[in-house]
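What follows is a short report on a single structure.
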Amino acid sequence: MSRDLTGKRTILTGASGGIGRALATELVKAGTRVALASRNADKLNALASDLKALGGDVIAVPTDVTNPDDRRHLVDAAVSAFGGLDLLVNNAGVGSWGHFADSTEEICRTVMEVNFFGPIELTRLAVPHLTAGNQAAVVNVTSMCGRKGMPAWPEYSASKFALVGMSEAWRAEFARFDVDVLTIVPGMTDSGFQNNWLRTDGKADLRFDAGMTPEYLAAKIVSAIRKNRTETVVGSEARRLLRFNRYFPRLTNWLIARKVKKLYSK
Ligand SMILES: NC(=O)c1ccc[n+]([C@@H]2O[C@H](COP(=O)([O-])OP(=O)(O)OC[C@H]3O[C@@H](n4cnc5c(N)ncnc54)[C@H](OP(=O)(O)O)[C@@H]3O)[C@@H](O)[C@H]2O)c1
């Protein structure tokens with residue numbers, strides 16, 4: 001199936017961030033109408049003005065995805081502005097970089113709320129509208145950490161694994177509604193993600209500045225939506241790591257553990 005994006009009525013969360021902003025632009029260029037959501041109203045309004053200048057039909061809906069009233073308001077606002085809903089892109093997310101043993105329950109619960117409970121409850125509200133939509137889909141932006149748990153990313157990995165698992169279950173469930181479920185699995189992206197982490201004391205030579213650009217990833221996501229690709233791994237290091245792990249899981253774990261021991265023995 002090839003999805004025609006012209007006029008598709010879309011909700012995009014995390015629109016004010018690096019990947020979200022690039023994705024909002026790409027979605028508008030593809031002809032979709034977008035309800036832009038994230039907490040920062042000023043950033044959202046500025047983005048909405050920029051996109052309107054490009055000819056985009058967009059609305060800004062300040063939303064905390066962890067807040068039930070905000071989620072309801074977002075869906076209602078998008079449906080009333082556009083007359084329905086065809087695409088929900090769950091992109092909002094937060095990271096935390098540090099080891100589990102000296103992390104906290106609060107960090108774990110926050111990461112799970114933003115990366116898992118928020119998007120799944122938003123999806124629950126969106127499903128009745130998507131069911132009545134045109135070539136409808138839920139698009140979940142997960143992470144390579146959602147396919148391979150990584151040290152110093154314990155809560156984040158767990159939250160993204162949970163979202164990957166939920167996507168797989170939904171795929172079969174939502175088939176009866178004619179709603180597709182697409183999973184995006186990005187690797188490192190130079191988006192400014194690290195500026196918003198809850199913890200920053202992990203140890204590793206993480207080169208986000210050498211990662212792909214948000215614009216590259218956004219183009220891949222829009223292409224995946226058009227081609228209706230079930231799961232799309234984006235980024236060369238993510239593809240390499242996940243492939244290596246599939247064929248040599250024990251060796252991969254041993255190499256990663258050796259690296260962590262070395263980093264923490266200094
Ligand atoms: N950058 C990477 O290397 C990378 C790799 C793989 C996957 N990802 C995933 O890609 C997605 C986008 O990340 P990014 O790199 O663009 O990071 P980012 O620049 O930190 O953007 C995160 C976005 O999520 C929003 N957000 C955070 N908490 C929220 C909440 N409670 N309610 C609503 N919106 C919230 C932020 O906006 P407000 O602060 O205004 O709410 C922002 O728009 C995330 O799901 C991330 O896990 C990123």
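The values are calculated or read from the model by the stated rules, or taken from the named source; none is laboratory data. Every value quoted in this text rests on a predicted model; they were computed, and no experiment measured them. Neighbour counts are summed over all protein chains in view; Cβ atoms, including those assigned to glycine, are modelled from backbone coordinates with ideal geometry.
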Exercise for the section: Within region 112-126, identify whether any single residue is under 26 Å from N245 (Cβ atoms), touching a helix residue (DSSP H, G or I) at 6+ places or on another chain (Cβ under 6 Å) and either touching a residue at least 60 places away in the same chain (Cβ under 8 Å) or exposed (fewer than 15 other Cβ atoms within 10 Å of the Cβ) (or both), and answer yes or no. Expected result: no
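Answer with yes or no whether T63 is farther than 29 Å from L242 by Cα, hydroxyl-bearing (S, T, Y) and touching a residue at least 40 places away in the same chain (Cβ under 8 Å). Give the steps one after another, and end with the answer.
On the way: farther than 29 Å from L242 by Cα: yes; hydroxyl-bearing (S, T, Y): yes; touching a residue at least 40 places away in the same chain (Cβ under 8 Å): yes.
Spelling it out, T63 is indeed farther than 29 Å from L242 by Cα, hydroxyl-bearing (S, T, Y) and touching a residue at least 40 places away in the same chain (Cβ under 8 Å).
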Exercise for the section: Among the residues of region 1-59, write down those that are touching a strand residue (DSSP E or B) at 6+ places or on another chain (Cβ under 6 Å) and of a type in the set (D, E, K, R). Expected result: K8, R9, R33, D57
Completion exercise
Flagged pairs (Cβ under 9 angstrom, 6 or more apart or on separate chains; first in region 151-168, without any contact (Cβ under 8 Å) to a residue 40 or more places away in the chain and under 16 Å from I107 (Cβ atoms); second surrounded by fewer than 19 Cβ atoms within 10 Å (Cβ to Cβ) and among the small types (G, A, S)) are S157/G149
Fill in the blank from the handout: Over region 130-156, the set of residues part of a helix (DSSP H, G or I) and within 11 Å of the ligand (Cβ to nearest atom) is M144, C145, G146, Y156
Problem - Condition met for G17 (within 23 Å of S223 (Cβ to Cβ) and at pLDDT below 95) - result: yes
